[in-house]
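The values are calculated or read from the model by the stated rules, or taken from the named source; none is laboratory data. Not measured: the values here are computed from a predicted model. Cβ coordinates were reconstructed from backbone atoms using ideal geometry, including for glycine residues, and neighbour counts include every protein chain displayed.
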Amino acid sequence: MQKAFFGFGALVAAALASVLISSPAMAGGGGGCWPQLRPDNPAPNCESQIAIGPGNDTRVNMFLLLLDSVGEDGAGLEYPVDEYAPYRSKNSANWGSLRRTWFPVRKDIVWPKHLGTRCQTSESGENAFSEALSKYTSLNPHTRNFLLTSRALLNGVCDKGAGLAPPRDDVYFRPSHSLGPITRPQRAFHGYLEASTSFYLEDWARASRMYLILAESGADPWVKETSRYMIGRTALNQAVDNRIGKWGYFDPRTKSTVFSIAAERGFRDYLSKYPEGRYADSASGLIRKTLWLQGDMSRLEDVYGAMLNETSAVDSGTADLIEEIDNMLLARGFNEKPIQGLRAPIFLAISNLRAMRNRGDGFDDKLLAIEQLEAQEGAFANHPKLYAFLKANHAYYIQKDPKAVLKLVPDAAKAERYTPLDFSRQYLRGLALHALDDRNEEGFWLDLIKGAKGLYQRPAIELALARLYEKSGRLEKAFARHSPITDVQILRTLLGKSVGPDILKSQARATYQPEAVRSFATFAALTKQLQHGQYAGFLKEYPLVAQFETDDHASLWNIYDAETPPVAIYANGRTTDTYDCPSLKGTVQRLARNRNDVKGRLCLGDFYRLNGFDDFDFGGRYNYRRNKDYVLGDGAAYPGEANIRHDFYTSIIANRRASRKDRAYALYRAIRCYAPSRNNSCGGDGVDVEQRGRWFRMLKRNYGDTQWGRELKYYW
């Protein structure tokens, strides 16, 4: 059994994973949603921010506080690249991406088989057994082969679930005479095989009895030490096994602690005899698991607190510890109420912030009361800045009192650099200034950004400035040549949601901007001109498409994250399938001459339909941003009402001067807008099913001889 597989970064984390399920509500994670691009952070989101706050994943808050304690801020590190969303804003990051940024995943690590089970160390144990046996060079070859083969058979139990007969005591006490004279070390290795056979077959009582005999013998140092360690492991496996319910799942409600107490005693006994032993790290880590199994959170917190106090540098091992603490100690508060009994300032702080999460669901009784926070003042006696920061968060997010924030967090926006806590304090002060419409808010952010050298710090300030410029009607400052806002995702979001035609057209030609911004501005300008019937303007901007590389597979899906927005649709998009249409440019030229041109509107409708533009508003269903809280703007800056495909059809149906072919196609397409869900997918309010029935009967009665009259069999 190799020590490498018993360090807390591998065995302990895996063992925890085998009996714990992390709570997304507790950790702040979530699936199937989209990061909210907003400066405030009141409740759990898909991702966290670099400013410590209530909405962050608790692991992120712990990580940032630990970075603060050692004076690290991530300056000089590279931002992670998401191959699926290369232009995602740097205003948010989940725990996994933060961890990979600070501690890149090693590709040379080979994880053991059966991770998180009793069999995790079966192969490493075989190697250690072989190494220990190799010291006895005078062994009979038959004896050596018998022992090594027998040890290899143990792996069969884990790989196949079988392969060993139940052990017999006489094998240990009377090994086969065919092997020749038996020495005391040989007998020890025989005994170890017997004990380990029982261990892997889950005969815990027999394994414990035999490991104890071997631990007290002096026949072989490796067998003696390993058996001493395995006494604790056997009791620990028995403790976990005792918590398995009738359906095969771990049941933490089982209160029996006999075996977990025995396991703790076994590991402490091992450490007392082998304080620097080969399994010392593992024994220390597994003691923490025994405390968790016992429900002794007070001692567990003391252990974790001591470990964090000894942290002099945040490394991958610290990241493992963060995950362990989050699962073992802080998971008790998954309902977001304060965790009772915590004493260490860092754990109290994390618990308090989580208890301030305000989801806006009306359950204010769950929120941390100011009296609860004030009662903890003594615990933060040596951490006054952290305590003031907690009170400031409570004032901002719970009491809605931004003036109190300014009193609790003095202005320090002109510092040369910021640790995570100092940055978080100043960022919260900036949020309070915004809430108060303070005229000095912009100056504060511009001062703060000069010292924001830590990873993710500057983009957070850029987002706050973007919101300010939008709210105050000064968005031209966000797009100026020397604007402090450089984050591509922020700029593209503003272009799609907040700016008017002048900024769009200027940014499409702004050579000082990266292509990712210019191409997006071009796409947004063309799309909004089409939507608003500005056909002459579209034709004027259309040649700009040629300067960008196009992709035949361009899509509107998640355009904010695409490496370039789908300008390719305007160069290579489909324009027709059954109705005869010219190129997109030809269609728009018809509409520029006559905006009510029937063929032009039907063909533009087909372009919308075939390329996914239905109900596309840079914030609709195609990128999960219908709720304006998810973005900076709400699209109100672009004047006029958007034209929608459904209205094209209804107006042509009502136009008696339209040709039979065109009216038939308009009826066909209008009815198909509701297929197959009976919901209108063509934009607009739509019509009721009775009206769709009248359209269907009109199509069959008046245009039944047309291609579309024959094809349509029913309506939705």
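Observations
- No other residue among N393, N440, N358 is modelled with pLDDT under 95 and either under 31 Å from the mean Cα position of the chain (by Cα) or not hydroxyl-bearing (S, T, Y) (or both) apart from N358.
- Scan of the stretch 414-433 for residues that are more than 24 Å from M62 (Cβ to Cβ) and surrounded by 20 or more Cβ atoms within 10 Å (Cβ to Cβ), ordered by number: A432, L433
- Pairs, first among the aromatic types (F, W, Y) in the stretch 507-529, second surrounded by fewer than 22 Cβ atoms within 10 Å (Cβ to Cβ) and not in a helix (DSSP H, G or I), C-beta under 6 Å, six or more apart: Y512/R481
- The criterion of at least 3 residues that are over 30 Å from R492 (Cβ atoms) and at pLDDT 85 or above is met, among helices (runs of 4 or more DSSP H) falling completely within the stretch 74-191, by 122-133, 141-160.
- Residue in the stretch 281-293 that is on the phi < 0 side of the Ramachandran plot, buried (at least 21 other Cβ atoms within 10 Å of the Cβ), polar (S, T, N, Q) and under 21 Å from the mean Cα position of the chain (by Cα) present: no
- Some residue of the stretch 537-558 being basic (K, R), farther than 15 Å from N611 by Cβ and either touching a Ser or Thr at 6+ places or on another chain (Cβ under 7 Å) or surrounded by fewer than 22 Cβ atoms within 10 Å (Cβ to Cβ) (or both): yes
- Residue that is nearest to G500 (Cα to Cα), among those in the stretch 528-569 that are among the polar types (S, T, N, Q) and in contact with a Phe, Trp or Tyr (Cβ under 7 Å, 6 or more places away or on another chain): Q529
- Residue list for the stretch 670-716, restricted to those being within 17 Å of I644 (Cα to Cα), buried (at least 19 other Cβ atoms within 10 Å of the Cβ) and of a type in the set (A, V, I, L, M): A670, I671
- The stretch 373-384 - residue that is surrounded by 14 or more Cβ atoms within 10 Å (Cβ to Cβ) and touching a residue at least 24 places away in the same chain (Cβ under 8 Å) and, of those, farthest from L431 (Cα to Cα): A379
- Residue in the stretch 562-579 that is surrounded by fewer than 18 Cβ atoms within 10 Å (Cβ to Cβ), in contact (Cβ under 8 Å) with a residue 40 or more places away in the chain and in a loop (DSSP other than H, G, I, E, B) present: yes
- Residue count for the stretch 478-504, restricted to those that are outside any helix (DSSP H, G or I) and either more than 16 Å from T564 (Cα to Cα) or without any contact (Cβ under 8 Å) to a residue 60 or more places away in the chain (or both): 12
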